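Written below as structure tokens is the structure these notes are about.
Every number here is computed from the coordinates shown, using simple stated rules; none is lab data. If you're wondering where the values come from, they're calculated on a predicted model, not measured in any experiment. For neighbour counting, all protein chains shown are included, and Cβ atoms are generated from backbone atoms with ideal geometry for every residue, glycine included.
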Amino acid sequence: MTIARESGWLVRRGAGAGAGVTLVELLVSMAIFSLVVVLLSGVLARTQEVNRSVSSQVYQFREARRAFDAMSQVLAQATLQTYWDYDHVEAGGRLVPSAYVPRSDLRFVAGRASVLLDSGDERVHPGHALFFQAHTGFSRDPDAAGFNGLLNSWGYFVEYGDRNDRQPGFLDDGSGGGRLYRLVEFRQPAEQLTIFRDGAADNGWFRSPPPGQRRVLAENILLLTALPLWPGQDEDDAGVAYDYDSAGILSSQPRMHQLPARVRLTLVALEAGAAGRLAAEDRLATLLPEGLFADPARFEADLGQVRARLDEERLGHRVFTTTVALRAARWTAGGEGEP
């Protein structure tokens with residue numbers, strides 16, 4: 001190999017003098033590099049999108065799980081404070097004791113939310129609702145602090161409404177934000193308890209409570225179902241019913257003033273992003289067909305129909321189910337007349 005000087009430049013001559021990168025090769029290399037960068041950017045963007053979606057679902061379903069657990073814990077403390085007293089019949093112009101039966105001044109009510117809340121609209125109040133009393137010690141009176149055994153009224157139901165109607169005015173950005181399904185909790189402080197004032201037969205204590213006794217426990221909750229179960233009873237047994245009123249006012253049944261031994265709860269939560277999309281289009285109210293969850297024997301079929309509808313709309317969702325044992329439930333071997 002020789003090195004020569006040409007026009008002030010050193011030029012290498014020899015076997016490799018003709019080797020190098022042509023302009024075409026350089027352009028092809030740049031094109032391939034650009035294609036790889038574009039592909040990697042797409043993969044990165046998709047990964048970030050999936051990460052955001054998973055993070056949103058984790059947060060959303062974590063909120064639903066916390067609400068579900070809180071509801072289950074309160075329900076387990078339900079009580080009727082049942083006592084035994086004489087039932088009387090009229091004979092010879094006077095009342096004569098005829099049997100020894102359970103009585104209660106409290107109430108446990110379960111059934112269709114649209115009926116219990118007197119809205120008559122399953123789109124506004126889908127699924128079921130629960131209302132009861134429990135010794136949870138809730139009070140807004142500072143002087144009552146430390147009294148953990150105070151009696152409160154509680155309730156849970158799903159409601160369809162404007163997302164801003166239960167938040168402070170200064171948080172409303174004016175956009176409206178669409179209408180959502182939310183899990184609503186009714187809780188009545190001990191100092192405002194109305195069931196003793198109005199009587200257990202009055203439904204106003206849960207239908208029209210004073211302001212401030214209802215709050216949103218979790219958003220994007222599409223459905224709540226509740227099935228009371230009695231000792232030795234399974235979900236598929238004959239005679240199982242969603243409706244139960246311990247006072248026999250809204251629904252009649254042979255068991256009066258008694259708590260069910262267990263309640264099976266089921267909650268359907270929606271992924272926030274997809275639910276927000278349908279809320280903006282005002283389409284959430286059309287998701288659930290009417291007439292579902294009226295017969296416990298069709299529970300799996302009804303739930304499958306709901307999940308199929310959500311999959312059709314590409315709505316991410318999760319179903320929470322548990323059976324809550326009511327610790328205050330009391331039973332006798334002989335039933336009424338044998339305390």
Next on the checklist: Counting only other residues whose beta carbon sits under 12 Å from that of P97, what net charge do I get with K and R as +1, D and E as -1?
Outcome noted: -2
Checklist entry - Length gain on complete extension for the stretch E313 to L40, per 0.36 nm per residue less the alpha carbon to alpha carbon distance? => result 95.2 nm
Checklist entry - Among residues other than T82 whose Cβ falls under 9 Å from its Cβ, what is the net charge (Lys/Arg +1, Asp/Glu -1)? => result +2
Next on the checklist: For the pair L23/R65, report the inter-label distance in nm, with labels modelled 7 Å from Cα in the Cβ direction.
Outcome noted: 6.3
